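Note sheet for the following structure.
The values are calculated or read from the model by the stated rules, or taken from the named source; none is laboratory data. Not measured: the values here are computed from a predicted model. Here the Cβ is made from the backbone with ideal geometry for all residues, glycine too, and neighbour counts use every protein chain on show.
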Amino acid sequence: MLPLERKKRIKALIEKESHMKITELSKRFSVSEMTIHRDIKPLLEEGCITKTFGGVSWNHESNEPKAHYQGCTLCGRGYSERLAYRLILLSQQTETACCAHCGLLRHHQIEDEVMQAICPDFLTNTTISALLAWFVLDTSVHMGCCHPQILTFESRENAEKFVKGFGGHVYSFEEAKTILLEKMNGLQNSCHAQK
Ligand SMILES: [Zn+2]
Ligand SMILES: [Zn+2]
(Lines give C-alpha, C1' and ligand atoms only; values in the text may rest on other atoms or scores of the structure.)
(Ligands and ions follow the chains in the order given, each with its own letter.)
Protein backbone atom coordinates (compact mmCIF):
# COMPACT_ATOMS: atom_id res chain seq x y z
CA MET A 1 0.00 0.00 0.00
CA LEU A 2 1.27 3.43 -0.89
CA PRO A 3 1.98 5.73 2.08
CA LEU A 4 -0.56 8.26 0.85
CA GLU A 5 -3.25 5.62 0.57
CA ARG A 6 -2.36 4.31 4.03
CA LYS A 7 -2.62 7.79 5.53
CA LYS A 8 -6.06 8.20 4.04
CA ARG A 9 -7.20 4.85 5.40
CA ILE A 10 -5.76 5.56 8.84
CA LYS A 11 -7.65 8.83 8.92
CA ALA A 12 -10.91 7.17 7.86
CA LEU A 13 -10.43 4.39 10.39
CA ILE A 14 -9.84 6.74 13.32
CA GLU A 15 -12.86 8.75 12.30
CA LYS A 16 -15.01 5.62 12.15
CA GLU A 17 -13.77 4.09 15.39
CA SER A 18 -13.42 7.41 17.26
CA HIS A 19 -10.44 5.95 19.11
CA MET A 20 -7.53 3.75 17.97
CA LYS A 21 -4.44 2.41 19.65
CA ILE A 22 -1.14 2.99 17.89
CA THR A 23 -0.27 -0.70 18.29
CA GLU A 24 -3.59 -1.62 16.69
CA LEU A 25 -2.97 0.68 13.71
CA SER A 26 0.52 -0.68 13.31
CA LYS A 27 -0.83 -4.25 13.21
CA ARG A 28 -3.66 -3.45 10.84
CA PHE A 29 -1.47 -1.75 8.29
CA SER A 30 1.56 -4.01 8.88
CA VAL A 31 3.91 -1.11 9.43
CA SER A 32 5.98 -0.09 12.44
CA GLU A 33 4.59 2.12 15.19
CA MET A 34 7.17 4.71 14.13
CA THR A 35 5.55 4.82 10.69
CA ILE A 36 2.10 5.23 12.23
CA HIS A 37 3.37 8.12 14.34
CA ARG A 38 4.75 9.72 11.20
CA ASP A 39 1.49 9.14 9.31
CA ILE A 40 -0.71 10.68 11.97
CA LYS A 41 1.51 13.70 12.56
CA PRO A 42 -0.28 15.86 9.95
CA LEU A 43 -3.65 14.82 11.39
CA LEU A 44 -2.53 15.98 14.82
CA GLU A 45 -1.34 19.25 13.35
CA GLU A 46 -4.62 19.77 11.51
CA GLY A 47 -6.49 19.17 14.74
CA CYS A 48 -8.48 16.22 13.35
CA ILE A 49 -7.23 13.97 16.12
CA THR A 50 -5.79 14.28 19.60
CA LYS A 51 -3.28 12.05 21.35
CA THR A 52 -4.62 10.00 24.19
CA PHE A 53 -2.95 7.41 26.38
CA GLY A 54 -1.48 4.83 24.02
CA GLY A 55 -3.49 5.99 21.07
CA VAL A 56 -5.35 8.69 19.24
CA SER A 57 -8.93 9.97 19.31
CA TRP A 58 -10.93 11.54 16.54
CA ASN A 59 -11.63 15.13 17.39
CA HIS A 60 -15.32 15.45 16.50
CA GLU A 61 -15.65 19.00 17.68
CA SER A 62 -13.15 20.52 15.32
CA ASN A 63 -14.77 18.78 12.37
CA GLU A 64 -18.43 19.32 13.18
CA PRO A 65 -18.62 22.63 14.99
CA LYS A 66 -22.38 22.87 14.47
CA ALA A 67 -23.14 19.60 16.21
CA HIS A 68 -21.87 21.00 19.48
CA TYR A 69 -22.84 24.55 18.94
CA GLN A 70 -25.40 25.72 21.45
CA GLY A 71 -26.69 28.99 20.06
CA CYS A 72 -29.08 29.77 17.22
CA THR A 73 -27.66 28.67 13.88
CA LEU A 74 -28.32 32.08 12.37
CA CYS A 75 -27.99 34.80 15.00
CA GLY A 76 -26.10 32.91 17.70
CA ARG A 77 -28.35 33.78 20.60
CA GLY A 78 -29.31 31.15 23.14
CA TYR A 79 -32.70 29.60 22.53
CA SER A 80 -35.47 27.99 24.48
CA GLU A 81 -37.43 24.94 23.37
CA ARG A 82 -40.52 27.12 23.61
CA LEU A 83 -39.67 28.84 20.33
CA ALA A 84 -36.89 26.76 18.75
CA TYR A 85 -37.19 25.99 15.04
CA ARG A 86 -35.25 22.94 13.89
CA LEU A 87 -33.97 22.09 10.45
CA ILE A 88 -33.19 18.46 9.80
CA LEU A 89 -30.81 18.28 6.87
CA LEU A 90 -30.31 15.62 4.23
CA SER A 91 -26.87 15.06 5.75
CA GLN A 92 -28.64 13.95 8.97
CA GLN A 93 -27.35 17.01 10.79
CA THR A 94 -29.72 19.23 12.70
CA GLU A 95 -29.59 22.98 12.91
CA THR A 96 -31.55 24.83 15.55
CA ALA A 97 -32.74 28.40 15.20
CA CYS A 98 -33.84 30.43 18.21
CA CYS A 99 -37.30 31.09 16.78
CA ALA A 100 -39.37 30.95 13.61
CA HIS A 101 -37.88 34.25 12.49
CA CYS A 102 -34.33 32.86 12.25
CA GLY A 103 -35.74 29.46 11.32
CA LEU A 104 -37.49 30.73 8.21
CA LEU A 105 -34.50 32.82 7.13
CA ARG A 106 -32.13 29.90 7.57
CA HIS A 107 -34.60 27.55 5.92
CA HIS A 108 -34.65 29.87 2.92
CA GLN A 109 -30.82 30.04 2.79
CA ILE A 110 -30.30 26.29 2.71
CA GLU A 111 -33.61 25.15 1.25
CA ASP A 112 -32.04 22.43 -0.94
CA GLU A 113 -30.40 20.74 2.04
CA VAL A 114 -33.45 20.68 4.28
CA MET A 115 -35.21 17.37 4.67
CA GLN A 116 -37.63 18.44 7.37
CA ALA A 117 -38.34 21.44 9.55
CA ILE A 118 -40.07 21.33 12.91
CA CYS A 119 -41.23 23.94 15.39
CA PRO A 120 -43.42 24.04 18.51
CA ASP A 121 -47.10 24.89 18.53
CA PHE A 122 -47.27 28.11 20.50
CA LEU A 123 -50.30 27.04 22.54
CA THR A 124 -49.67 23.38 23.27
CA ASN A 125 -45.88 23.27 22.86
CA THR A 126 -46.16 20.08 20.81
CA THR A 127 -43.79 19.65 17.88
CA ILE A 128 -45.25 20.27 14.46
CA SER A 129 -44.02 20.34 10.88
CA ALA A 130 -43.06 23.88 9.94
CA LEU A 131 -44.28 23.41 6.38
CA LEU A 132 -47.79 22.75 7.68
CA ALA A 133 -47.71 25.30 10.48
CA TRP A 134 -49.52 28.64 10.60
CA PHE A 135 -47.41 31.68 11.31
CA VAL A 136 -48.54 34.72 13.27
CA LEU A 137 -46.81 38.04 12.68
CA ASP A 138 -47.35 41.49 14.16
CA THR A 139 -49.04 40.31 17.33
CA SER A 140 -48.98 42.25 20.58
CA VAL A 141 -47.58 39.33 22.57
CA HIS A 142 -43.80 39.70 22.76
CA MET A 143 -41.59 36.74 23.46
CA GLY A 144 -38.35 38.72 23.48
CA CYS A 145 -36.63 36.93 20.61
CA CYS A 146 -36.05 38.27 17.08
CA HIS A 147 -37.90 40.97 15.17
CA PRO A 148 -40.14 40.83 13.34
CA GLN A 149 -41.40 38.17 15.70
CA ILE A 150 -43.11 35.08 14.33
CA LEU A 151 -45.13 32.59 16.38
CA THR A 152 -46.09 29.16 15.09
CA PHE A 153 -49.40 27.30 15.46
CA GLU A 154 -50.53 23.86 14.49
CA SER A 155 -54.08 24.77 13.53
CA ARG A 156 -55.20 27.74 11.54
CA GLU A 157 -58.25 27.99 13.75
CA ASN A 158 -56.15 28.44 16.90
CA ALA A 159 -53.88 30.91 15.16
CA GLU A 160 -56.91 32.96 14.13
CA LYS A 161 -58.36 32.82 17.64
CA PHE A 162 -55.04 34.00 18.99
CA VAL A 163 -54.94 36.88 16.52
CA LYS A 164 -58.47 37.89 17.57
CA GLY A 165 -57.31 38.21 21.16
CA PHE A 166 -53.80 39.56 20.68
CA GLY A 167 -53.71 41.10 17.24
CA GLY A 168 -51.56 40.20 14.24
CA HIS A 169 -51.96 38.25 10.99
CA VAL A 170 -51.98 34.56 10.12
CA TYR A 171 -49.86 33.25 7.25
CA SER A 172 -48.97 29.92 5.70
CA PHE A 173 -45.32 28.79 5.55
CA GLU A 174 -44.67 30.23 2.09
CA GLU A 175 -46.52 33.47 2.83
CA ALA A 176 -44.72 33.98 6.12
CA LYS A 177 -41.35 33.36 4.49
CA THR A 178 -42.02 35.79 1.64
CA ILE A 179 -43.23 38.51 4.01
CA LEU A 180 -40.31 38.02 6.35
CA LEU A 181 -37.79 38.24 3.50
CA GLU A 182 -39.44 41.42 2.26
CA LYS A 183 -39.32 42.93 5.73
CA MET A 184 -35.70 41.91 6.22
CA ASN A 185 -34.70 43.44 2.89
CA GLY A 186 -36.06 46.71 4.17
CA LEU A 187 -33.98 46.32 7.32
CA GLN A 188 -30.53 45.83 5.86
CA ASN A 189 -28.92 47.48 8.86
CA SER A 190 -30.27 44.93 11.29
CA CYS A 191 -27.59 42.55 12.50
CA HIS A 192 -29.82 39.63 11.55
CA ALA A 193 -30.18 40.68 7.96
CA GLN A 194 -26.43 40.50 7.41
CA LYS A 195 -25.96 36.86 8.29
ZN1 LIG B 1 -31.75 33.39 15.91
ZN1 LIG C 1 -35.04 34.45 17.50
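Would you please name the residue that is farthest from residue 74 (Cα to Cα), looking only at residues in the range 145-178 that are among the β-branched types (Val, Ile, Thr) and within 16 Å of ligand 2 (Cβ to nearest atom)?
The first filter runs over the range 145-178 and keeps only residues among the β-branched types (Val, Ile, Thr), leaving 150, 152, 163, 170, 178.
With within 16 Å of ligand 2 (Cβ to nearest atom) added as a condition, the list becomes 150, 152.
Working: 150: 15, 152: 18 Å.
Here the residue is 152.
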Handout entry: Test: residue in the range 87-102 that is of a type in the set (D, E, K, R), crowded, with 16+ Cβ neighbours inside 10 Å and in contact with a Lys or Arg (Cβ under 6 Å, 6 or more places away or on another chain)
Key = no
Fill in the blank from the handout: Scanning the range 128-156 for residues that are within 14 Å of ligand 1 (Cβ to nearest atom) and not in a strand (DSSP E or B) gives 143, 144, 145, 146, 147, 148, 149
Exercise for the section: Return yes when residue 40 is surrounded by 12 or more Cβ atoms within 10 Å (Cβ to Cβ), over 21 Å from the mean Cα position of the chain (by Cα) and more than 16 Å from ligand 2 (Cβ to nearest atom) and no when it is not. Expected result: yes
Problem - Boolean, residue 159 is of a type outside the set (Lys, Arg), assigned to a strand (DSSP E or B) and without any contact (Cβ under 8 Å) to a residue 40 or more places away in the chain - result: no
Problem - Checklist (1) within 20 Å of residue 144 (Cα to Cα); (2) more than 16 Å from ligand 1 (Cβ to nearest atom) applied to residue 76, failing item - result: (2)
Problem - Identity of the residue in the range 1-15, out of contact with any Asp or Glu (no Cβ under 8 Å at 6 or more places or on another chain) and in contact (Cβ under 8 Å) with a residue 24 or more places away in the chain, that ends up surrounded by the most Cβ atoms within 10 Å (Cβ to Cβ) - result: 14
Handout entry: Some residue of the range 117-129 being under 25 Å from residue 77 (Cα atoms), of a type in the set (A, V, I, L, M, F, W, C) and touching a His at 6+ places or on another chain (Cβ under 7 Å)
Key = yes
Problem - Every residue from the range 32-73 that is modelled with pLDDT of 85 or more and within 16 Å of ligand 1 (Cβ to nearest atom) - result: 71, 72, 73
Completion exercise
Residue set 41, 51, 16, 8; condition in a strand (DSSP E or B) and not assigned by TED's automatic domain parsing to the domain that holds residue 89; output residue 51
Practice task
Answer yes if at least one residue in the range 113-127 is among the aliphatic types (A, V, I, L, M), assigned to a strand (DSSP E or B), in contact (Cβ under 8 Å) with a residue 12 or more places away in the chain and surrounded by fewer than 14 Cβ atoms within 10 Å (Cβ to Cβ), and no otherwise.
Solution key: yes
